[in-house]
1. When the residues of the stretch 495-512 are narrowed to those that are surrounded by 21 or more Cβ atoms within 10 Å (Cβ to Cβ) and assigned to a loop (DSSP other than H, G, I, E, B), which ends up farthest from the chain's Cα centre (by Cα)?
2. Six or more apart or on different chains, Cβ atoms under 6 Å: show the pairs whose first residue is in the stretch 428-439 and surrounded by 17 or more Cβ atoms within 10 Å (Cβ to Cβ) and whose second is small (Gly, Ala, Ser).
3. Take residue 81 and tell me if it is crowded, with 23+ Cβ neighbours inside 10 Å, touching a helix residue (DSSP H, G or I) at 6+ places or on another chain (Cβ under 9 Å) and under 22 Å from residue 17 (Cβ atoms).
4. Exactly one condition in (1) at pLDDT 70 or above; (2) crowded, with 16+ Cβ neighbours inside 10 Å; (3) farther than 26 Å from residue 368 by Cα; (4) in contact with a helix residue (DSSP H, G or I) (Cβ under 7 Å, 6 or more places away or on another chain) is false for residue 211; which is it?
5. What do you reckon, is residue 177 among the hydrophobic types (A, V, I, L, M, F, W, C), assigned by TED's automatic domain parsing to the domain that holds residue 214 and either modelled with pLDDT of 90 or more or under 10 Å from the mean Cα position of the chain (by Cα) (or both)?
6. Those residues that are farther than 20 Å from residue 319 by Cβ and not hydrophobic (A, V, I, L, M, F, W, C), I need them from the stretch 71-97; list them, please.
7. If residue 30 passes every condition in (1) under 33 Å from the mean Cα position of the chain (by Cα); (2) in a helix (DSSP H, G or I); (3) at pLDDT below 90; (4) not polar (S, T, N, Q) but one, which one does it miss?
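The values are calculated or read from the model by the stated rules, or taken from the named source; none is laboratory data. Bear in mind that the values here come from a model prediction, so they are computed numbers and not experimental data. Here the Cβ positions follow ideal geometry from the backbone for every residue, glycine too, while neighbour counts run over all protein chains shown.
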Amino acid sequence: MGWIILILFVAGLIFRTPGMFVEGMHDMKDAYYAWGKDVCEKGLPNAFYGVYFPITYIFYGVDSCIAKLIPDLWFLPFKVSNLIFEVAILALLLKVFPSKKLSVFALYWLNPWFIIVSSWQGFWDSLMAFFILLSASIWQGSIKIKSKEFYSGLMLGIAFMAKPQAQSLVLGAAIFFILKDGIFLKFDRLSKYMWGFILPYIIFSIYFKLSGHSIFYLTARLIQVKDTFPVLVGSEVNIWHPIVRIIQAVTNQPGPIYTPYLNKSLVDIILYFTVAIMAIITTLSILRKKSTLVDTYTISSILLPQIVIQAHANHFYNASLLLFFYIFKNPKIKFFWAVSIAIHIYSIWVRYRLGLGGPVFLSLNYEPMLTILGVVQFVFTLFLIKEFILPQGGVKDVLIQIKSLGRILDTPWKIKNELKRIIYQPFVLIYLKLNGVGVGSNTKWYGSPRIMKHGNSTIEIGNNVEVRNWVLSNPLGVNHPLILTTWAKNAEIRIGENTGITGGIICAADQIIIGKNCLIGANATIIDTDFHPLALKNRRFNTTGTKSKRVRIGDNVFIGAGSTVLKGVNIGNNATIGAGSVVARDIPQGSTVAGNPAVKISSSKSKKIASYKT
């Protein structure tokens, strides 16, 4: 197998090598080299003016600096850069599909579509495509990494900082998280993904600011890209090509089918209409019960060259890679994928003729043929979309999901709290870290607690713990944020996983241990010390003889709002403490107590209740 793979790899390089020495499409010199030359001579801050985004400009600048050394082959550095990312894509596909190595070589590395697009024509898609594919691979678990949400978002953020075509995936991802997490007020994945995605944007914004530009310089350039898109372009094999033909015929516009000149307001309307169509189709695909972010990436990439107005024949590149996640399992998708690639190969082959040469005879009657193929490709696109919108569950699943969306309208205050939490949580985690508090994964912080920690003490908070500190983060109201205090040297506070706490006080001079899956109601107090001696003599100022004794709270314990748990108490698993109770003695497991002092009201028949996970 090893020798076969090596032979196939070398074969792919052999097919690509001649294309490295031909100029390729006109954008190589008119755009790529021109932009890179500016970066090489003026530096990125003074040469970046949009169209493509900063990361691509950086590569163009490096390539152009090298190109000065080899003026007769100035395009070679650009194509070598493309090839490097092509090899990276191959390595990634082999890792994602370890049992399909030969198929990966046949369908990607030796596929004429991928060879022609990058090596012969020089379309600069492989950089962006690599990071999009990496983002998808991290999300679906092929690349094992801690905090996959953050790093998946980071990879798409890098892709977005490379080329504007990634905008379609950004739109799809935004809709995905709103419908899958936001509607149901589960913002953990979204917050991590979002921070990863915006990190490259923040870094470049700061970079441009330090270089003498406005902090909004990058933002202005990103928005400016919109102005390059509202034109009808017939260079892609999609439904717009026959539409453009009709428009040019009606308006008597001569020349090649590329851009009919229309009223800008009308074209803007068409642009927004097509974006709305993309959003609707993406939404329908997400409403499936088992829809994933990778599905959304893929449907967005399919729609970009088929529905968005300005798209070119190479823009099927991302979709053709992401469809690898499906073509090994779904024969229908594999068939549609293969035919679509054949149509796109024809389009590029006859338009650019493999760089400066190629089979001229294939270009005869090119425009009528492309019009026909545009309709055919659109039909195949509809079949692909159907596979992503209506899976096994069919329309019934979609209707169930649509009905469930209405729940969000019943509790608008929850939306406000979740959005605030997304913004504030990173700063809360930094505050906890700076105060020496150990925090597990997937915790939720509705505002910041207050920490008073002895330097030689321990505060540990488990995974999936949820703490509400804002006044209106709980219908019962929060008197003040949760106060976590270690009062003495070697004191400990440990809170188990899946526990929820609303405001209140937890203060340890010795040790307070709270188990898993507990609910601690609004404004409850848990202390393991008297703070002062009980003797009358000078107790106002004297702490000598103060009694402290550790507190143990078991798993699945519910402590009602306004309750107080005093020193030395052990509360058994599955116990319930009524609201406003004062617990001064041990509570057996499974018991329900209430009052001041708390007394047993009832006891559960089963002493063992299965723990749940929030």
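1. In this case the residue turns out to be 509.
2. From residues that are surrounded by 17 or more Cβ atoms within 10 Å (Cβ to Cβ), the pairs are 428/448.
3. It is false that residue 81 is crowded, with 23+ Cβ neighbours inside 10 Å, touching a helix residue (DSSP H, G or I) at 6+ places or on another chain (Cβ under 9 Å) and under 22 Å from residue 17 (Cβ atoms).
4. Only one criterion is unmet by residue 211, namely (2).
5. When the stated conditions are applied, residue 177 passes them.
6. Across the stretch 71-97, the qualifying residues are 71, 72, 77, 79, 81, 95.
7. Here residue 30 meets the rest and fails (1).
Residue-by-condition table, conditions (1) among the small types (Gly, Ala, Ser); (2) at pLDDT below 90; (3) touching a His at 6+ places or on another chain (Cβ under 8 Å):
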site: 411; (1), (2), (3): no, yes, no
site: 416; (1), (2), (3): no, yes, no
site: 427; (1), (2), (3): no, yes, no
site: 441; (1), (2), (3): yes, yes, no
site: 453; (1), (2), (3): no, no, no
